[in-house]
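Engineer: Next up is a structure, given as C-alpha cells.
The values are calculated or read from the model by the stated rules, or taken from the named source; none is laboratory data. These figures come from a predicted structure and were not determined experimentally. Cβ: placed from backbone, ideal geometry, glycine included. Neighbour counts: every protein chain shown.
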Amino acid sequence: MQIAANGRQDSIQIKPLTASIGASVCGVDLANLSDNEFNVIQQSLFDRCMLTFPGQNIDNKGLLTFSKLWGEIMVTPMLTYLEGTPGVLEVQNRGKALTPTEYWHPDSAYLERPPVISIMAAQQLPDAGGDTMFCNQYLAYDALSEGMKSMLEGVRGKFTAAIMAKRTGHEGDVPYEYHPVIRTHPETGRKALFISGPDTVPSLENMSEADSRPLLDYLYGLCPKPDRSYRHQWKSGDVVMWDNRCSMHYAVHDHGDSVRIMHRVTIAGEKPA
Ligand SMILES: O=C(O)CCC(=O)C(=O)O
Ligand SMILES: [Fe+2]
C-alpha cells in the first residue's frame, strides 16, 4: 500500500482472471485515481492485455476523465457518438444479423492508426448472455514455430472496414489499410499476432484472396484457443478495458432482442509496426 501525495492510502487489489490473460482491479475509483493507482493499472494492462473493474457504476463524465489518462480520445468514422459527450459511443443490441462485433477482432484495424485501447462501461445488461470474450495475441505469436515467425516478418494484411460498412449502411468505398501481421507492442517490446476475422482481413499484401486464405485461416484459428482466452460475464457497474495491440475480443450475441447497452471510448495511438 502506498500513501499518495494527498495523504490518501491506495488499497488497489489486482487479481489475474486466468493464467494467460486478464486481471480484475478492485479498491479504486476510476474517476478519481491517484498517480500511483494509475501507474499500477497501466502496468497491469501491459502485463495482462485486458482488465476488469467491477462495481464502478461510472457515469460518462467519469468515463471520459479515466479515458483521458490513457491518451487522446478518438472517434471512428462511420460510427455515431452520443450527443453531449463527444467520444462516448453507445454500443447497442442491433439484433444478431446486424451486429458488427460477433467475431474475433482488434478494434477498427482498417484505420491507418487504429485505437490502441478501448474502454467499455456496462449500462444495461440482458438477464443472461451478452458476454465478451478476449484472447491473448502475444501467446498466439509465441505458439508459432521459428520458421513461421521469420516467414511472417514484414508480411502485411489487408484490413478492411467491410463488416462495419455493411452493418452501418456505408457500403460503396470500403476503407482499408495494410498492417503487419506481426506487430511489436511499443510499451512492452513483445511481438503479437495482429489479424482479424476473414471478412476484415480478406488477403495478404501482393497476394490473391485464394492464395492468402489458407494461411490467414490458420493464423486466425490459432488465436482464440481456450487456454489463451477469458470470457467476461458482465455485471451491472462493470468497466472493462482492453489493449488492441495484444488482444482480440468477440461479443457473444446469444441474448436475442434483450436490451444490452454499453458505453465505449477508444484511445488514439500509433500506426502498427
Ligand atoms: O459489446 C461488446 O461486448 C464489445 C463490442 C465490441 O467489439 C466493441 O465495441 O469494440
Ligand atoms: Fe470491438
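Engineer: Using the structure shown, decide if residue 58 is assigned to a strand (DSSP E or B), of a type in the set (A, V, I, L, M) and either under 17 Å from residue 264 (Cα atoms) or away from ligand 2 (no atom under 16 Å from the Cβ) (or both).
Structural biologist: no
Engineer: Report whether or not residue 111 is touching a helix residue (DSSP H, G or I) at 6+ places or on another chain (Cβ under 9 Å) and either in contact (Cβ under 8 Å) with a residue 40 or more places away in the chain or more than 16 Å from ligand 1 (Cβ to nearest atom) (or both).
Structural biologist: No; evaluated as a whole, the condition is false for this residue.
Engineer: Let me ask another. Determine which member of the set 164, 241, 248 is under 28 Å from residue 70 (Cα atoms), in a helix (DSSP H, G or I) and within 16 Å of ligand 1 (Cβ to nearest atom).
Structural biologist: Just a single option satisfies the conditions, and that option is 164.
Engineer: Another one. Being at pLDDT 95 or above, closer than 18 Å to residue 134 by Cα and among the hydrophobic types (A, V, I, L, M, F, W, C) narrows it down to one of 193, 204, so name that one.
Structural biologist: 193
Engineer: Same structure, new question: Considering only residues that are charged (D, E, K, R) and out of contact with any strand residue (DSSP E or B) (no Cβ under 7 Å at 6 or more places or on another chain), look in the stretch 73-120 and name the one that is nearest to residue 156 (Cα to Cα).
Structural biologist: It comes out as 113.
Engineer: Here are some residues: 66, 46. Which one is more than 16 Å from ligand 1 (Cβ to nearest atom), touching a helix residue (DSSP H, G or I) at 6+ places or on another chain (Cβ under 9 Å) and either closer than 16 Å to residue 267 by Cα or in contact (Cβ under 8 Å) with a residue 60 or more places away in the chain (or both)?
Structural biologist: 66
Engineer: Regarding residue 144, is this residue under 23 Å from residue 207 (Cα atoms), within 16 Å of ligand 2 (Cβ to nearest atom), in contact (Cβ under 8 Å) with a residue 12 or more places away in the chain and part of a loop (DSSP other than H, G, I, E, B)?
Structural biologist: The answer is no for residue 144.
Engineer: Does residue 28 fit the bill of being surrounded by 15 or more Cβ atoms within 10 Å (Cβ to Cβ), in contact with a helix residue (DSSP H, G or I) (Cβ under 7 Å, 6 or more places away or on another chain) and either of a type in the set (Val, Ile, Thr) or at negative phi (or both)?
Structural biologist: The answer is yes for residue 28.
Engineer: Would you pick out the residues in the stretch 220-273 that are touching a strand residue (DSSP E or B) at 6+ places or on another chain (Cβ under 6 Å), among the hydrophobic types (A, V, I, L, M, F, W, C) and either free of Cβ contacts under 8 Å to residues at least 60 places away in the same chain or farther than 18 Å from residue 44 by Cβ (or both)?
Structural biologist: Those that are touching a strand residue (DSSP E or B) at 6+ places or on another chain (Cβ under 6 Å), among the hydrophobic types (A, V, I, L, M, F, W, C) and either free of Cβ contacts under 8 Å to residues at least 60 places away in the same chain or farther than 18 Å from residue 44 by Cβ (or both): 223, 234, 248, 251, 259, 261, 262, 265, 268.
Engineer: Kindly establish whether residue 51 is within 21 Å of the chain's Cα centre (by Cα), assigned to a helix (DSSP H, G or I) and modelled with pLDDT of 95 or more.
Structural biologist: Considered against the rule, which asks whether it is within 21 Å of the chain's Cα centre (by Cα), assigned to a helix (DSSP H, G or I) and modelled with pLDDT of 95 or more, residue 51 comes out as no.
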